[in-house]
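Peer 1: One structure, as structure tokens, below. Some questions next.
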Amino acid sequence: MAAPEETLRRRKAGNSGPEPETPPESGRDPTGCPARLRTGTFWLTRIVLLRALAFIYFVAFLVALHQNKQLIGDRGLLPCRAYLESVRRYFQGRGGWDAVSYAPTVLWLLDWSHMNANLDALALLGLGVSSFVLVTGCANMVLMATLWVLYMSLVNVGQIWYSFGWESQLLETGFLGIFLCPLWTLSRLPTGTPPSQIVLWGFRWLIFRIMLGAGLIKIRGDRCWRDLTCMDFHYETQPVPNPVAYLLHQSPWWAHRFETLSNHFLELVVPFFIFLGRRLCILHGALQILFQVVLVISGNLSFLNWLTMVPSVACFDDAALGFLFPSGPGGLKDRVRKMQEEAARGARLTLRYGCVVRQAVHVALGILVAWLSVPVVLNLLSPTQVMNTSFNSLRIVNTYGAFGSITKERTEVILQGTASPNASAPDAVWEDYGFKCKPDLRAQRVDHSPGRQAPGQRQGGSVPTGLQPFQGQGPPQVGPGRALQVQVQPPGGPACCGRQVVGPEEDRPLLPPTQPARPGGLLPVPRLAAPGAGVEAVPGQCAEE
């Protein structure tokens, strides 16, 4: 019996060997650490870009839904119906290609008798599509083209209300976003359609022009940008300063000089980092996003700043943006890592007919952007540079710039109303309307001489409070607005040291007693070259746009 037991023990000992190694967990390297993504792919970049662009579209359509009826609706300040009629009259009553190419909008196809409903429908449809892209992170060319057409339809009838540079910038950004996606597929990782390098370079070319244009217009514009004193005034004369701007205005003079120098570095030097390899391109994107965050904190043009962050995302690849996604197995990051491993092993995507067509479309897009960039580049090189201007009605490639000049005093608009039956009576009491985000300088107002109660003077010197001074009364009569000039002193000036408000003085009425008749000719599209003419200079447009 001993022999069989010994044989059994030898047999067990022979079978006992080193246990096989456990394969590493998916998404981790052999040491157990999370596997890192390789450089050079942009699957996750596309998801971040689409969600960022959808967020901007969502805000833009939400604003349009909130205020378009009051601005360009049936009874708005500048009704878009009257504008479209003036365009049609300009082209001798033809509503054909000439009129449509001058003001491209789907409103040409709709019933103008219910323009408020049309405007709401465009905004609501845009809100729905942008919400879907924002939540899911996936889109196709049809959805992105729908967003672009809807917003272009509003911009091209928005007249002066949509004449600012960020409207054209959103349209150019949205146009590039169309070609970032597959035609029909709705997937966050459509394996058959990787992000096009041409489209990504289109986004980089956009942020390059935005920042370089802003830097050049400053150097060529106000002298204070060259002597580094602009930031002494900017925080209080920028459109609608916020509470942080007041604190930053109190910074010492050397801090303002550093801010101005940093601005020149970020707008004139850093943009060229895009062309100097992956690491400097990523550094460019990080610096520009950080710069825009600082501007959001210190000012109130945050829509423009958030919008400018979008093309900066194209400077990052999957390896740089991987920290934004969870590392669990089966997640987006893990799927991208597997796709990268397959590509590293030499696996190639099957070249299908649709892929060939898509590549041809991207090449055509690159040629189109290059061709439309010729006048833009010439404008950048010109000593008479023009900012925030479009050279085509589709606003595909535009010029940009911001704060080419800095005002040394700000103008506060005061809107007044009276509940008196006779508004022209000497004893009529006019009271101010309050508005959100506007400083209250009414206590420092200079009243007119006694004897006649003019607009702006108050009985007993009391300052009304609240946004609506006539609540609970009959409909008030609204008078012409007035402009209040407020001088701004740099930090360390006499007003700052004396801790007093620099004396404002009432300047002029902004509106005539009666509205002028609407012109019968064409109402020009702001910031767009008129038919057969050069770039249109819009009177009254402030250089700080």
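Peer 1: Does region 204-221 hold any residues that are of a type in the set (A, V, I, L, M) and open to solvent by 30 Å² or more (accessible area, probe 1.4 Å), and which are they?
Peer 2: Residues of region 204-221 that are of a type in the set (A, V, I, L, M), as a first pass: 206-207, 210-212, 214, 216-217, 219.
Matches in region 204-221: L216, I219.
Peer 1: Now, a different point. Could you tell me how many of the residues in region 55-80 are crowded, with 19+ Cβ neighbours inside 10 Å and farther than 30 Å from V310 by Cβ?
Peer 2: Residues meeting the conditions: 1.
Peer 1: Take S113 and decide whether it is in a helix (DSSP H, G or I), open to solvent by 50 Å² or more (accessible area, probe 1.4 Å) and of a type in the set (S, T, Y). Working first, answer last.
Peer 2: Details: in a helix (DSSP H, G or I): yes; open to solvent by 50 Å² or more (accessible area, probe 1.4 Å): yes; of a type in the set (S, T, Y): yes.
Considered against the rule, which asks whether it is in a helix (DSSP H, G or I), open to solvent by 50 Å² or more (accessible area, probe 1.4 Å) and of a type in the set (S, T, Y), S113 comes out as yes.
Peer 1: Give me the helices (runs of 4 or more DSSP H) completely within region 273-386, filtered to those with at least 2 residues that are charged (D, E, K, R), more than 18 Å from L180 (Cβ to Cβ) and open to solvent by 50 Å² or more (accessible area, probe 1.4 Å), ordered by residue number. Can you show your working first?
Peer 2: Working: elements: 278-298, 302-312, 318-321, 332-344, 353-381.
The helices (runs of 4 or more DSSP H) meeting that bar are 278-298, 332-344.
Peer 1: Determine if region 192-208 includes at least one residue that is more than 26 Å from C355 (Cα to Cα), in contact (Cβ under 8 Å) with a residue 60 or more places away in the chain and touching a helix residue (DSSP H, G or I) at 6+ places or on another chain (Cβ under 9 Å). I'd like the intermediate steps shown before the answer.
Peer 2: Kept after step one, since they are more than 26 Å from C355 (Cα to Cα), are these residues of region 192-208: 207-208.
Going one step further and asking which of them are in contact (Cβ under 8 Å) with a residue 60 or more places away in the chain, we end up with 207-208.
Restricting the remaining residues to those that are touching a helix residue (DSSP H, G or I) at 6+ places or on another chain (Cβ under 9 Å) gives 207-208.
Taking every residue of region 192-208 in turn, at least one turns out to be more than 26 Å from C355 (Cα to Cα), in contact (Cβ under 8 Å) with a residue 60 or more places away in the chain and touching a helix residue (DSSP H, G or I) at 6+ places or on another chain (Cβ under 9 Å).
Peer 1: Scan region 343-398 residue by residue and report those that are among the charged types (D, E, K, R) and over 29 Å from V157 (Cα atoms). Quick ask: steps written out before the conclusion?
Peer 2: Of the residues in region 343-398, the ones among the charged types (D, E, K, R) are 345, 348, 352, 358, 395.
R345, R348, R352, R358 - these are the residues of region 343-398 that are among the charged types (D, E, K, R) and over 29 Å from V157 (Cα atoms).
Peer 1: Mind checking which pairs have a first residue in region 278-303 that is under 9 Å from F316 (Cα atoms) and a second that is in a helix (DSSP H, G or I) and open to solvent by 60 Å² or more (accessible area, probe 1.4 Å), Cβ under 9 Å, 6 or more apart or different chains?
Peer 2: Once the first residue is under 9 Å from F316 (Cα atoms) and sits in region 278-303, its partners that are in a helix (DSSP H, G or I) and open to solvent by 60 Å² or more (accessible area, probe 1.4 Å) give C281/F275.
Peer 1: With the structure loaded, tell me whether F273 is free of Cβ contacts under 8 Å to residues at least 40 places away in the same chain and in contact with a helix residue (DSSP H, G or I) (Cβ under 6 Å, 6 or more places away or on another chain) or whether it fails that test. Before you say what the answer is, go through the steps one by one.
Peer 2: Values: free of Cβ contacts under 8 Å to residues at least 40 places away in the same chain: yes; in contact with a helix residue (DSSP H, G or I) (Cβ under 6 Å, 6 or more places away or on another chain): yes.
Answer is yes for this residue.
Peer 1: So which residues in region 243-272 are more than 17 Å from A402 (Cβ to Cβ) and surrounded by 15 or more Cβ atoms within 10 Å (Cβ to Cβ), if there are any at all?
Peer 2: Within region 243-272, L248, H249, S251, H256, R257 meet the criteria.
Peer 1: Also: I'm trying to understand the selection: among the residues of region 390-401, which are polar (S, T, N, Q) and either open to solvent by 10 Å² or more (accessible area, probe 1.4 Å) or under 15 Å from the mean Cα position of the chain (by Cα) (or both)? Let's see the steps before the verdict.
Peer 2: Our first condition is that a residue be polar (S, T, N, Q); within region 390-401, this holds for 390, 392-393, 398-399.
Listed by number, the residues that qualify are N392, S393, N398, T399.
Peer 1: On to the next question. Considering only region 216-262, give the helices (runs of 4 or more DSSP H) lying wholly within it that have at least 2 residues that are free of Cβ contacts under 8 Å to residues at least 24 places away in the same chain.
Peer 2: On the way: elements: 223-226, 231-237, 243-249.
Ranges flagged: 223-226, 243-249.
Peer 1: Where residues in region 139-161 are of a type in the set (F, W, Y) and in contact (Cβ under 8 Å) with a residue 40 or more places away in the chain, which of them is surrounded by the most Cβ atoms within 10 Å (Cβ to Cβ)?
Peer 2: First, the residues of region 139-161 that are of a type in the set (F, W, Y): 148, 151, 161.
Remaining after also requiring in contact (Cβ under 8 Å) with a residue 40 or more places away in the chain: 151, 161.
Working: Y151: 25, W161: 21.
Selected residue: Y151.
Peer 1: Further, regarding this structure: If you take the residues of region 166-198 that are of a type in the set (A, V, I, L, M) and buried (at least 23 other Cβ atoms within 10 Å of the Cβ), which of them is nearest to F265 (Cα to Cα)?
Peer 2: Taking region 166-198 first, the residues of a type in the set (A, V, I, L, M) are 170-171, 176, 178, 180, 183, 186, 189, 198.
Next, only the ones that are buried (at least 23 other Cβ atoms within 10 Å of the Cβ) stay: 170, 176, 180.
Working: L170: 25, L176: 27, L180: 31 Å.
That would be L170.
Peer 1: Please tell me if P182 is closer than 30 Å to V356 by Cβ, in contact with a Ser or Thr (Cβ under 7 Å, 6 or more places away or on another chain) and not hydrophobic (A, V, I, L, M, F, W, C).
Peer 2: On the way: closer than 30 Å to V356 by Cβ: yes; in contact with a Ser or Thr (Cβ under 7 Å, 6 or more places away or on another chain): yes; not hydrophobic (A, V, I, L, M, F, W, C): yes.
So P182 fits the description; yes.
Peer 1: Let me ask something else. Spot the failing condition for R38; the list is (1) part of a helix (DSSP H, G or I); (2) open to solvent by 100 Å² or more (accessible area, probe 1.4 Å); (3) modelled with pLDDT of 90 or more, and only one is missed.
Peer 2: (1)
The values are calculated or read from the model by the stated rules, or taken from the named source; none is laboratory data. This is a predicted model, so every value here is computed, not measured. Heads up, the Cβs are rebuilt from the backbone with ideal geometry, glycines too, and the neighbour counts pull from every protein chain shown. The area values use the complete protein model at the heavy-atom level, side chains included, leaving out ligands, DNA and RNA. Shrake-Rupley method; radii C 1.70, N 1.55, O 1.52, S 1.80 Å.
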